[in-house]
Amino acid sequence: MQATTFDQVQETLYQEKLANGLTVYLVPKRGFSKTYAVFTTKYGSVDSHFKTNKGEEIHVPDGIAHFLEHKMFEKKDRDVFKEFSEYGASYNAFTSFTRTAYLFSCTDNLDKNLNLLLDFVQEPYFSDQSVEKEKGIIGQEITMYDDNPDWKVYMNLLKAMYKEYPINIEIAGTIESISHITKETLYQCYETFYHPANMVLLVVGSFEPEAVMKLVRDNQAKKTFQPAPQIERIFPQEPTALAQQKVEHHLPVGLPKILIGFKEAKTGLTGEALLRREFTTKLLLDILFGSSSPLYQKLYDSGLITDSFDFDYSNEKEFGYSILGGDSPEPEKLVESIQQALTEYGSRGIDQDAFERSKRKKIGHFLRALNSVEFIANQFTSYAFQGTDLFTVLPVLESITREEVEMRMKEHFRTEQMAVSIVRSASSQE
């Protein structure tokens, strides 16, 4: 077991790669009452087209990663939900575009909960009858999201930005696509993407690292795994250009909802370069659109935005985009105002004081977040899969300069990379 100490944030990371390929990370937090564990596979909704070890090209139905996540909790002779509850744990799971995670938090019975987490994820059980039943359950979930204006405005924006890359496809798939899922395709995806060599286990909280690592070693040593498959994901070539500049949808809403997106033109970054781009962009967004910025106050005072206005940045090797927006009575006028403001910022640059304030704020937020086991658990594996480390964020953030942020502004906020998604009431008039 390798130990790495990060003196600046006063954290020690323990790491070991087991014989079966599973990478285990432990972050002990002495004095904390809660412990959090996340078992994550590098497998998300975009991974629907791949090659097997035999060279066979497979294209599985959209939504299968999310479907598989649901089915992992169902077992032939045990009730996973009941067992976690009996051990006093709060449990959950989620599927994103690029990963699927199973997690729990607890204040005691860590050994029992951790063994349960490892065992239920590594013991799949699917039956024809249960698969058919699940199609109805997930079909209802898909229908619910179709009627959710916040989700619709977001997914429509992704579809406007991305023409080919599969983040323009719903994570849960469609009712038609999941109708093609079978027990056999679930096992096929499980055997491809749920091998320990494609997974990471993180435990963060109050525990002794040697004892927890021994528990994991012993648990894994009792199980037999086939050799790790060589996963070859197949993705379409995504053009730099947008799929379309504007998408509009109608649903019952009080105020129109608008999201503005800026699609990354450059992909393929990993490691520190990817991390640096993320935090340079997040600083930029806060400087321009944060609640204390002059632009935010101007837009709010003019009534073009409400306190629902927010922004975010998604940063992955294969894709990236900024999103900003919220409720607005005049979405087109809001777009014009933001475009005008970006042009003005491009001419005069970023104020040094605003840059320093935003940087100090971001550093403070990050240091406070390290006191949350939930934050560390949810962020750590995401960075690990991208070849970066959560505990290297602080030195990267501290080294970012105003000049970098200004260069990033010119690179990222380009009109030809900007898409708009609006959801408004059918009775609204433009």
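Quick notes
- Only one residue of Val46, Ala19, Ile58 has its Cα farthest out toward the positive end of the dipole of segment 7-65, where Lys and Arg carry +1 and Asp and Glu -1 on Cβ, and that residue is Ala19.
- Magnitude of the charge dipole for the chain, about its Cα centre and with charges confined to Cβ atoms of Lys, Arg (+1) and Asp, Glu (-1), is about 660 debye.
- What the pair-distance distribution of segment 153-244 shows, using all Cα-Cα distances binned every 5 Å from zero, is 2, 9, 12, 13, 14, 13, 13, 9, 8, 4, 1 percent.
- Cβ crowding within 10 Å ranks Met144, Met213 as Met144, Met213, fewest other Cβ atoms first.
- Here the calculated FRET efficiency for Ser179 and Lys223, from their Cβ-Cβ distance with R0 = 41 Å, stands at 0.75, rounded to the nearest 0.05.
- Derived scalar couplings between HN and Hα for segment 283-299 equal 4, 4, 4, 5, 4, 7, 10, x, 5, 9, 7, x, 5, 4, 4, 5, 5 Hz in order, rounded to whole Hz, by the Karplus curve 6.51 cos²θ - 1.76 cosθ + 1.60 (θ = phi - 60°), x for Gly and Pro.
- Against the chain, whose longest principal axis comes from its Cα atoms, helix 183-193 is set at around 80 degrees.
- Interchain or long-range residues, amide H under 5 Å from Ile58's placed H: Phe50, Lys51, Thr52
- Applying the Karplus relation 6.51 cos²θ - 1.76 cosθ + 1.60 with θ = phi - 60° to segment 246-252 yields 3J(HN,Hα) values of 8, 10, 10, 9, 10, 8, x Hz, where x marks Gly and Pro.
- Across segment 2-233, Cα-Cα pairs farther apart than 28 Å form 37% of the total.
- Only the Cβ atoms of Lys and Arg (+1) and of Asp and Glu (-1) were treated as charged; on that basis the dipole of segment 246-424 about its Cα centre amounts to roughly 120 debye.
- Hull-based mean projected area of the chain, where the convex hull spans the alpha carbons, in square nanometres: 21.8 nm²
- Long-range HN-HN contacts of Val247 with modeled amide H, under 5 Å: Val420, Ser421, Ile422
- Calculated [θ] (222 nm, deg cm²/dmol) that DSSP helices of n ≥ 4 give over the chain, each run adding -39,500 (n - 2.57): -13000 deg cm²/dmol
- Burial ordering of Arg30, Arg424, Arg357, fewest other beta-carbon atoms within 10 Å first: Arg30, Arg357, Arg424
- Residues Glu184, Glu406, arranged from fewest to most other Cβ atoms within 10 angstrom of their Cβ, appear as Glu184, Glu406.
- Net +/- balance of residues flanking Leu117 in space, Cβ distance below 12 Å, scoring K and R +1, D and E -1: -3
- Shown in residue order for segment 81-92 are the 3J(HN,Hα) couplings computed by the Karplus curve 6.51 cos²θ - 1.76 cosθ + 1.60 at θ = phi - 60°: 4, 5, 5, 4, 5, 5, 8, x, 9, 9, 10, 6 Hz (x for Gly and Pro).
- Modelled label positions at Arg348 and Ser127, each set 7 Å beyond Cα in the direction of Cβ, lie 6.9 nm from each other.
Just so you know, all these numbers are worked out from the coordinates, no wet-lab data involved. Not measured: the values here are computed from a predicted model. Note that we place each Cβ from the backbone using ideal geometry, even for glycine, and neighbour counts take in every protein chain shown.
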